[in-house]
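The values are calculated or read from the model by the stated rules, or taken from the named source; none is laboratory data. Quick caveat: nothing in here was measured; it's all calculated off a predicted structure. Cβ sites come from the backbone with ideal geometry, for glycine too, and all protein chains shown count toward neighbours. Heavy atoms of the whole protein, side chains included, go into the accessibility calculation; ligands, DNA and RNA do not. Shrake-Rupley method; radii C 1.70, N 1.55, O 1.52, S 1.80 Å.
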Amino acid sequence: MLEWLAGRDWEVEPTWTGTYDKVIEGINSVADAALQKKPAWPDTSTRMGNFLRMMAPALRDAQYETTFGQESRTRRATVT
């Protein structure tokens, strides 16, 4: 997660907002295939939402603020 966030250009786009599925795509792009096959890997939007809520304190420690919301029926996360 931190590797994916660190790889973004925060000066060009200081806020990232997207669906939990977009977060999955992002972390899958940098995660090892063996890690993605582990049972605890957040591979659905529900599991990713739970994972992000669990990781929010660690993300804050790494200077990433995470907020959660819902647009229509789509749940979204925002990272700044």
Could you grab me the full set of residues in region 14-26 that are in a helix (DSSP H, G or I) and either charged (D, E, K, R) or over 14 Å from the mean Cα position of the chain (by Cα) (or both)?
-> 21, 22, 25
Number of the condition not met by residue 29 [criteria: (1) among the hydroxyl-bearing types (Ser, Thr, Tyr); (2) surrounded by fewer than 15 Cβ atoms within 10 Å (Cβ to Cβ); (3) within 9 Å of the chain's Cα centre (by Cα)] = (3)
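It is to be established whether one or more residues within region 53-71 are hydroxyl-bearing (Ser, Thr, Tyr), more than 25 Å from residue 9 (Cα to Cα) and in contact (Cβ under 8 Å) with a residue 40 or more places away in the chain. Give the derivation first.
Of region 53-71, the ones hydroxyl-bearing (Ser, Thr, Tyr) are 64, 66-67.
If we keep only those that are more than 25 Å from residue 9 (Cα to Cα) as well, we get none.
For region 53-71, residues hydroxyl-bearing (Ser, Thr, Tyr), more than 25 Å from residue 9 (Cα to Cα) and in contact (Cβ under 8 Å) with a residue 40 or more places away in the chain: absent.
In region 62-70, is there at least one residue being in contact with a Lys or Arg (Cβ under 6 Å, 6 or more places away or on another chain) and not in a loop (DSSP other than H, G, I, E, B)?
Looking through region 62-70, at least one residue is in contact with a Lys or Arg (Cβ under 6 Å, 6 or more places away or on another chain) and not in a loop (DSSP other than H, G, I, E, B).
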Cβ-Cβ below 7 Å, separation at least six or inter-chain, first residue in region 1-25 and farther than 18 Å from residue 69 by Cβ, second among the β-branched types (Val, Ile, Thr) and open to solvent by less than 80 Å² (accessible area, probe 1.4 Å): which pairs?
-> 1/27; 3/30; 4/27; 4/30; 5/79; 7/30
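Here are 65, 11: which of them is touching a helix residue (DSSP H, G or I) at 6+ places or on another chain (Cβ under 9 Å) and surrounded by fewer than 16 Cβ atoms within 10 Å (Cβ to Cβ)? Break it down into steps so the answer makes sense when it comes.
Details: 11 fails: touching a helix residue (DSSP H, G or I) at 6+ places or on another chain (Cβ under 9 Å).
Unique residue meeting the criteria: 65.
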Take region 16-26 and flag every residue that is open to solvent by 60 Å² or more (accessible area, probe 1.4 Å) and farther than 16 Å from residue 75 by Cα.
-> none
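Would you point out the residue of region 32-48, among those that are of a type outside the set (A, V, I, L, M, F, W, C) and farther than 25 Å from residue 71 by Cα, that is surrounded by the most Cβ atoms within 10 Å (Cβ to Cβ)?
Step one: filter region 32-48 for residues of a type outside the set (A, V, I, L, M, F, W, C), giving 32, 36-39, 42-47.
Now narrow it down to the ones that are farther than 25 Å from residue 71 by Cα: 32, 36-39.
Details: 32: 8, 36: 13, 37: 9, 38: 10, 39: 5.
Ranking the qualifying residues of region 32-48, first place goes to 36.
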